Structures are given as structure tokens and as C-alpha cells.
Amino acid sequence: MSSTTGTPAGTAAPGAAAKARFSGAQQRLLAFASLIVLVVGFSLASPNFLQTSNILAILQATSVNGVLAVAATLVIITGGIDLSVGTLMTFCAVIAGVVLTNWGMPLPVGILAALAAGAASGVCSGTIIAKLKVPPFIATLGMMLILKGLSLVISGTRPIYFNATPGYTDIAQGSLVGTLIPSVPLPNGVLILFLVALVAHIILRKTILGRFTFALGSNEEAVRLSGVNVDRWKIAVYTLAGGICGVAGLLISSRLNSAQPALGQGYELDAIAAVVIGGTSLSGGRGTIVGTLIGALIISVLTNGLRILSVAQEWQTVVTGSIIILAVYTDMLRRRKV
Amino acid sequence: MITRRNVLAALAAGTLLAATGGIALAQESGQKMYIPVISKGFQHQFWQAVKSGADKAAAEFGVEITFEGPDTESQVDRQIDMLAAALAKQPTAIGFAALDSQAAIPLLQQAKDANIPVIAFDSGVDSDIPVTTAATDNVAAAALAADKMAELIGGKGQIALVVHDQTSRTGVDRRDGFTNRITEKYPEIEIVSTQYGGGDQLQSTEITKSILQANPDLKGIFGANEGSAIGVVNGARELGRQIVIIGYDSGAQQKQAIKDGVMAGAITQNPVGIGYETVKAAVQAAKGESVPKTIDTGFFWYDKSNMDSPEIAAVLYD
Amino acid sequence: MSAPLLQMDGIDKSFPGVRALHQARFDLRAGEVHALMGENGAGKSTLMKILSGIYQPDAGEIRLDNKPVQVPSPRAAQDLGIAIIHQELNLMPDLSAAENIFIGREPRKRLSFFTDDAKLNADAAAIFETMHLKLDPRTPVGTLSIAKQQMVEIAKALSFRSRVLVMDEPTAALNDAEIADLFAIIARLKAEGVGIVYISHKMDELKRIADRVTVMRDGEYVATVPMAETPVERIIAMMVGRALSDERPPAPEENGREPLLEVRALNRGAAIRDVSFAVRPGEILGFAGLMGAGRTEVARAIFGADPLDSGAILVRGKEIAIRRPQDAVRAGIGYLSEDRKHFGLATGMDVRDNVAMASLSRFTTPGGFLREGAMSETAKRYIAQLAIKTPSDRQEARLLSGGNQQKVVIAKWLLRDCEVLIFDEPTRGIDVGAKAEIYKLLNALAAEGRAIIVISSELPEVLRLSHRIAVMCEGRLTGVLPAGASQDEIMRLATQRGETSGDTRPSAAMGGRR
């Protein structure tokens, strides 16, 4: 039995493993530290930054992109990509608008319809990818355009307003926390983001679906040859992601009190940027919801802070791009070590 | 390695903040009035012309302004975030061109509660919160374009529209202003097609070509904004078709097309005036002076014959 | 004997937490084949990476032609005439052979941006000539066989006028004919005075070509001995640091029980042609044959990984429809692929998850939550039972050695209660000591009443393990031999092209025991 004790794998393993885990935490810490540095820096640079109202505005601005990024994280961990999250969000918002405003159904029905629309679209994407073996990039690119078109068709190319549904704007703009603790008027949209993130985190870490999400990204063929119904789990992940996009659709339309059918394209890139800044690997098998949340916050803090500092818009874009590259570069440095 | 990375990150963050802080400090020195202007766009020449008007007024009245707008006119929520950030800066007054009025109402209410006057510009805000609106009457302007089109094609025949957007106010107003005038006044003119190219030149070019292919007898096309109009010009040129093209707004390419006779003429708004009047009204409102409920910033028809006259040349932009 | 061409002395190399090499040494004469042996992780690769400039030593000296040299980079190694041919070939499949050989050094037309393709191809052809290799330099490398690709790598090494050529497991993917070609080229290179370092686990090969052998263990130099005079057992003892017991193949189980797995007239294009056989409980059925004979294809087809044109698969006498791997697993069939990293393990996940991979649904609550405690307990049980060397069940699979990775895959199928286990090259890339352990494990699994199929390209392995040996050639099952068959008999069946007689096959396949 002494045969393998001398191998580097045998001796190096404990140290290497400890290090791998350590620097995994390190990366999240680093992202979190960057966030803190940004917040502190902006606070010092402008007295208007660290105001309750502005912090709430930042969180509010994070809510939609954060929820989309959570959806994108799930798919990206499987080694796939979902380009349709932005237009799917819009599609779900339009569905809610049709159900509530055009058909006059009660609020819960509208909410369920939006979530169901998201999940159904996820089933479509997942099936196209798993059963028809179309690469995720292409399949979701197609879905992105299909959903964009359907949104315009269904809405008749006009925004659908929710004036007939009292309470709709409260989904994102009301404050449950504020009614309990008046000094903290945290918008519901932010609360929902944290809830969605918490649920996604638990699913990823504690459930069989989560374990297969990582396994698919780690080595899909090995999972298939383990006799696992890979297609079913893959579709399940895209369905879950679709449902989460439905939440984002409710949030954005509640915030705008309208379903804007032309909105949504381009939002997938912001979501993917948040995922990547959060340390999730685009090649799959690795990633965290906490990281994604921090990534989304970094983007919002940066955008808001630069605006507060009255940095010209041209330069805001340049800085944001640089941050994305920097974030991924530090992640690469970390991985090169292991 | 770990320390190297931390140093790297800290360095990057530090450089970033130093740079932005420097800009900020430079701008925040002095206790000038501060007026953020949130527009509907940023990259287009039209919005840059509005910005130049706003800058001109800022210099004249000794106030400080910032000018921002989302990348595309569909990004309603991005504009709302910009408005929220502007409010956080505790401005003296705000200039705002709403992409969607309803979406902005909570924030506008917040501005009203904080006694920050709001000046609407470009298109109205469906609310009584703004103290005034500085805008072009797009419906009337497009109707003028329709009259010119009818005149130039001899009062009968087929025409088409290439519009930038089917959801935004300006897109809808210009389309309806044009279409309604044609149906009401010119029964012998038939609108065979109305299509949307997102204001994108290339997309509008392709749309134009397909319209021309499908309608060999087409006599004219109205391009409802700068990008659409240039797309129409390009499309007709690529197919070698002689038709009456009427554009909207200006810009170097459109001006050149009119000079070359490819485009019959165009409606121009007064973007520089919009920007100027917005900031001017903001200053007045902040000082407690009264301002009119609406400020019509005007529109003009221009073609080869009058585009060099001082009155027109002043409102055209490159 | 000539003076040493290359000497490495007192080489130390540490990585964080591991001492990979300690006072390692090695010397190479011009015109010799010097085998470098040792278990995985003994330090062979590290030593060769130092020689080829990939790693820098912490201490020690490298002398070439008795002059001390520095090898700060792979480029410097090339300039010194040291070339290494890695086990995984580093070729660009879409480029031609000539383009691969001269990548980065393409001849240019004078003062021109364009490459001189005529000269490029002529130069490559000249190298092929010296190797007596018939190959068009313009052939895209991706269309060549693995063996030919390896020849291209060798040609590339020669194009640097290399005097030291390191070959890491060069025959791993070659069939016998191709190995013969390779050895012919090695002989020619020897004659031209090139020194060759040959890393391999295959004793029989080394006996054929190596002049001397240096054995390493735990990062240290053990001994250098002449190959011809040294018995294999002594070399193995030097490698593992003890003598391995002389494990005889177990006596064939004579039992009349019904077959656990029976396969009837499988067909899949040209890859599988009318293959029928049966495996009984407690039996190990070996599959021998040359590369591409269709053994892996049969395994994958039984497992549902590839579709079948026709044929029936029976488990415990009942025909079952297998369309996907999950059907096979449900029927109790497990498949251990030869390529663990691609098909066996989720290497980025930990041992616990990999063990549970095929049975995860057993560890879930009705709400879909995983019972980590139960998973951990189970994983730990298998870690103990199979003696998997890992610091904990949370260790990532990629950090385990090959043998331990293989055990993790075995644990996965044991947990799934698979009664039929198909092992495809179970000891590929596993060192000698761990091999013996895997053999023992296979015997134990059979003794528990499972039916085991072992596919192996190493004849001694098949002979040692199997109760019966099925031999394939060109998609056909050419015969089934009893344990104790001679290598000659197997080779005769393995090369019996297209003349399978319908009368011998069924009896050989179904009757089995003779």
C-alpha cells in the first residue's frame, strides 16, 4: 500500500486543496474588498454619495441586473450561456401587462403568468440545447430575438401601463421593510433580489439540482456516462433561470409602471459582466451567487458613483470596461496558481 | 502572490479614484448653481446639439451643468437611474427629457418634495410637476413634411415612411403627424409602407431597399429622424432610384445630401434652442422667476435654397 | 562506451508543500536509449521538465558535452539540442505536417511577408527522408493517425538538430505495427548518435529497446542498471521499494449459473459486426485485440453511449432496451472509461460528489435537498474499503493520482449496485504498485458475484486477470479462449482478418469453457 504515498498528488494534495479553497474565498474577499474600496473612495470624493437615499438608489438600480445575473450564473455554471435573459425579462413583463391591464385579471394571476412565461421560455431554450444539441450561444441568441419580436407583437409595439392594477408598482417600489422600520425604507425590489439570490444560493449548494448544475459544467460527458438523465437536469436549470427572469420582468415593469416592449436587448451583457466580475468561470463548473451579487453591486456602485462625481459619460463607459477586464484578470491570476 | 494581487487591485482602485476625484474636485470648486440635464440620448448628433445649447446657456448664466442620456431610447430604466443619481447630488434644478413619463413620476415627485424645479424638454412629461416644457411640436412639424412631400410629388402617387421607433413619443408623433395629414388632405396619395429601423443607418438602408424593390412606382419616402433619413438616402443611392426624399433634423450627411440634391429637404427642429431654453428656464425657475407653461422651440423647413441663410444655418448642426 | 553526452547531478526541486526532487541525477550517452522508470510521481516528469527548461532547479548542475549549461526556457533547451516529445502531442490539427514542424520558424521569401511554402515542404520532406518515413508534408496533421502524428513530433524534434530526445510514454496510443515503426526510427536515431531518454511503464518494450535503465522513487535517484541483464522483478522492486508478491491469476471460477450479461448479434456499422458473448456471475471476461478492433465500441454500445444498428442485450436472461446510459445503469451495468478525465470523473468536483454522482437521487430529501451527511459517510466508507488515498472526501478529484481516481470511479459504480462492470483499460496511466491493487480489487469484485469485463491492450494484464479471453479483430469477435491461453493464440485471433467462421464463433462465444 505504500505504493502511492510518495506521489506528489498524495503529498501535495492536502496543501493544494487547502490553498484552492483558501484562494476561492480570497477571490470573493477580493471582490468584496474592491466593492468596499469603491464605496469608501466615492464617499470621500463626494458628500452626496453616502446618503441613505443614494445608497437605496444604488440598491434599487442593482435589483433588475442582479436578478438577471443570478439567472445567468446558474446557466453559466453548467458551462452554457444565456443571451436571452434581457429580452425574456421584457417578454415576461409584457405578459404581465397583457394579463393585468388588457384582460383585467387580479394581481396574483399576473405575477404567476409572468413567472410561468419565464419558465416556459426556459423549457424551450433548455430543450433546444439538450435535445436538439444546438450550442447554447446560438440557441439563446435565437431565443433572444424571438422573445424580442414576440414582445413587440403581443404589446402592439406600445408600452403597456399598469395604472389599472393598484399595488403593481409596490412590487418593486413599495417598502415592506420601511413599514416595519421607518428609518430603513428599503425598496421591495431590493428585498426580492436578496430573496432570489438566497433561494438560488440554497438550490446551488444544497439540492440535487444544484449539484448537477456544477457537475454538468465540470464534465457533462462523465455525468451522462454515470447514467444520469443529463437532458432533464439541463432543461431544469434553464427553466429555473427562465423563472428568475420572470421575477426580473416583474421588477422592471413595476419600477417603470409599464412593460416597455423595446427594452431588454443589451441587458444580458450587463448580467454576464456581473457574473464574471463575481468570479464565476465562463467555462463552467465553478461560481457563486454571492460573487454574482457583489459583481452586480460593483457595476451599480461604479455607475452611480461616477455619475455623482459628474464624470463625463464617455469616460464612465471606459472605466466600467476597464474594471471588467481587471476583475477577470485577477481571477485568472488566482487560477493560474492552482 | 496574494500581496501582489492586493497591491494591484488597490493600485487600480486608487488610480481610478484619484482620476475621478480630480475631475470631481475641479468641477465642484466654487458655489455655482448646479443643473443636471438628463436627455434621451447621448451619442447622436441631435443630442450633442442640445448639449451645446445647454452649455452655451450655462456659460452665459454662470451655472454648472452635466449632460447625460442612455445609450438607446428604449432604456427607460437606465434613464431613471440617471435621474436618481442626479437627485442625490442635490441640484438647483433639473432638465429632463422623459423616455417614459409614467416611469419617472415617483422620482419627479421626490424632486418636487425637495423643491427642485424640473424643466421638461424635447417631449412633454405627462404630469404637472415640470414647471415648463421646452419642445418641438413634432406632430405639426411632421405635418409640414407631409405638405412638402405632397407638393413635390404633385399631389398623387405612392409614398412610404421609414421611422426610427414605434414606441417613443417622437417616433409616434412624427409618424402620426405625417400620416394623418396625408390621409386628411391628400386622398390621391397612398402610403404603401411604414417601417421601423431603430434610427440605425444601416438597418434603415436595408429597409429602404426592400421598400423600393417591392414598390417600383414609389415616388417618395419620409425618413423620420436623422439616422432613418440617411438610411433612405443610402438605400435609394444603392439602387439608383430617383425619388423624393424628405428628412428630419440635420447633421453633416443630411446637409450634404440636400446640397447634392439627393434629398429634397428636411424638417429641422431647433436642438440648440431646446438645450439653451431648458437651462435658461431652469435658472429662472430656481431664482423664483416665472416661466411660461410651454416654450415652443420651433421647427423649420429647409432645402437647398435656404439652408445657408443665417436664420436656418444657426439651427442646423453637423 | 562513449563519454556522457548529458549529465544531471544533485538536482533539487521543491514546489510549495512538496519536495519533488532531491539530489536527483541522470546521465545519457550519445547513441543510447536510456529508460527512465519510476511510479507516477517518482519525479521523472519533473526531472525532464527541468532538462527541457520548463522548470528551474533549486539546486544542481546540468552538463552537456561536459560543459555546464543553463536551461532557462524551453526555447533555450531547443537551442541546446534538447527536445521533448510529450505524451499529449502538441500539434495543430488544421495545419499541415510541414507547417507544424516549422511553426514559428517558417522560411520566408526574401524581404517578404509571405512564407516560402515550397522550401517549407522540401525541408520537411528531407527530414522525413532521414526517418525513412513516407508522408506528404502537406497532409493536415488532424487527418493522420496518432502514430503518424507522433512521427511528425519526432520530425519536429529532429528539425532542431536535437542530440537529446526525451520521449514520454511514446507508445501509449500505438498498435504493434506502429510500435515497430517507432522502434525502427529510434534505432536509426541511435545510430546517428542521438541520445534518447525513454519514459515508459511497459517492461516488454523496454527490454526490446533500452540499453540502460535509471530508476527513481519519491523524487530520488535509486540506481542505474543495464537493461538486458537485470530481471524485471528487480526493476519493479527498485521502483516500489519492496518486492511485489508473485500474484498468479486466480483459478477460473467454474460455475454453471445463468449468465448475468448476455449479448446477441450486436451490430453497429463497420465498428461492431455480429458480436455475441456472455458473462457469468463471478467471472472476469477479458477483451483482447489491437487498437481499433472494436472493443471499446462494444462496451460503449452495451452501455448505451453509442446507438446500435441491431442486436439484443440481456441482463439475467431478460432482454432490456438500452438507448441511453441511464437505461444501462438502471439495469445494473456500469462502464469505466479508459479516459477517466473526460468520461469518468468531474475532476473539478470533490471525491464525495464523484462517488455519489450516479446515485445522487438516493441522497435527496423529498424537497430535493441533498443529505450531505449521508453522502460523506458513504464516501468515507468507500475511501476506507478501496483504500483510496485522499486527505478527505472533500478533496477535488483532479488532485488525486491516477490509481486513486480510478478507485473513485469504481466506488461510484459499486455504490450504484452495478452487477456488471465494464473496465476499459483499467490501469492505463497507473503505476505498477497501484496496478496490483486494482487487479486485487477486480478479483475481489468478481468473487462477490459480479460479472466483470476487462478491456486491455496489455496482453499480460488480460492473461493475468481473465477467466476467459474474448479476442476481437476489425469489429468481429474472432474467438474466446480459456484462461492460460498463450500470447500467440491471442495474437492469431487478433489478426484474423475478415475470415471469422460462423461455426466456431457461437461455440467459442457461448460455450466458453473448454
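What follows draws every value from the coordinates through simple rules; no lab data is involved. Source: prediction; values computed, not measured. Cβ atoms come from the backbone with ideal geometry, glycine included; neighbour counts cover every protein chain shown.
Filter the cross-link list B:156/B:185; A:131/C:318; A:131/A:234; C:389/C:412; B:148/B:304 down to pairs whose alpha-carbon distance in this structure exceeds 18 Å.
Values: B:156/B:185 11 Å; A:131/C:318 29 Å; A:131/A:234 10 Å; C:389/C:412 16 Å; B:148/B:304 14 Å.
Beyond 18 Å: A:131/C:318.
Please compute the average number of Cβ atoms from other chains found within 10 Å of each residue's Cβ in peptide C:430-440. The mean count of partner-chain Cβ atoms within 10 Å per residue comes to 2.
Within 10 Å of each Cβ in A:38-48, how many Cβ atoms from other chains are there, averaged over the peptide? Please report the intermediate quantities before stating the final value.
Working: counts 3, 0, 2, 7, 4, 0, 2, 9, 7, 3, 7.
If you average over the peptide's residues, the count of other-chain Cβ atoms is 4.
Shape class of the protein assembly as shown from the alpha-carbon gyration tensor: prolate, with a/c at 1.5 or above and a/b greater than b/c.
Normalising by the residue count of chain C, find the relative contact order in percent from Cα pairs under 8 Å and 6+ residues apart.
On the way: 1015 pairs, mean separation 74.4, N = 514.
Reported as a whole number, the value is 14 percent.
For chain B, modelled as a GNM whose springs connect Cα atoms under 10 angstrom apart, the maximal fluctuation among B:238, B:184, B:64 occurs at B:184.
Residue by residue through C:386-398, how many Cβ atoms from other chains fall within 10 Å of the Cβ on average? The per-residue average across the peptide is 4. The phi-based Karplus calculation (6.51 cos²θ - 1.76 cosθ + 1.60; θ = phi - 60°) puts the 3J(HN,Hα) values of the range A:110-119 at x, 4, 4, 4, 5, 5, 5, 4, x, 4 Hz, whole numbers, x for Gly and Pro. Computed about the Cα centre, the dipole magnitude for chain C is approximately 580 debye when only Lys and Arg (+1) and Asp and Glu (-1) carry charge, each at its Cβ. Rounded, prolate or oblate for the range B:138-269? Axes are the square roots of the Cα gyration tensor eigenvalues, ordered a ≥ b ≥ c, and the cut-off for rounded is a/c under 1.5. Judged from the Cα gyration tensor, the range B:138-269 comes out rounded (a/c under 1.5).
For a quick protection proxy, order the peptides A:288-297, B:140-149 by their average other-Cβ count within 10 Å, most packed first. Please list the in-between numbers first.
Values: A:288-297: 25.1, B:140-149: 22.1.
Top to bottom by mean Cβ count within 10 Å: A:288-297, B:140-149.
Here the range C:176-190 and the range C:403-435 have alpha carbon centers that stand 32 Å from each other.
Based on the alpha-carbon gyration tensor of chain A and its eigenvalue square roots a ≥ b ≥ c, which shape applies: rounded if a/c is under 1.5, prolate if not and a/b is larger than b/c, or oblate? Because a/c hits 1.5 or more and a/b fails to exceed b/c, chain A counts as oblate. Near residue C:97: Cβ cut-off under 14 Å, other residues only, Lys/Arg at +1 and Asp/Glu at -1. The net charge is -4.
For the range C:374-425, state which trypsin sites (Lys or Arg not before Pro) are in a DSSP loop and have at most 11 other beta carbons lying within 10 Å of their beta carbon. Could the numbers behind the result be given before it?
Working: sites: C:380, C:381, C:389, C:394, C:398, C:407, C:412, C:416; in loops: C:389, C:394, C:416.
Answer in residue order: no site qualifies.
By DSSP, the beta bridges lying fully in the range C:4-240 are antiparallel in about 60 percent of cases.
At a 10 Å Cβ-Cβ cut-off, how would you order A:39, A:301, C:471, fewest neighbours first?
Values: A:39 18, A:301 23, C:471 28.
If I rank by nearby Cβ atoms, fewest first, I get A:39, A:301, C:471.
Among complete DSSP H helices in chain B, those whose alpha-carbon atoms stretch at least 18 Å along the helix's long axis and whose mean Kyte-Doolittle hydropathy reaches 0.0 are B:2-28, B:76-88, B:138-153, B:226-239, B:271-286.
The antiparallel fraction among DSSP beta bridges confined to the range C:310-469 stands at about 35%.
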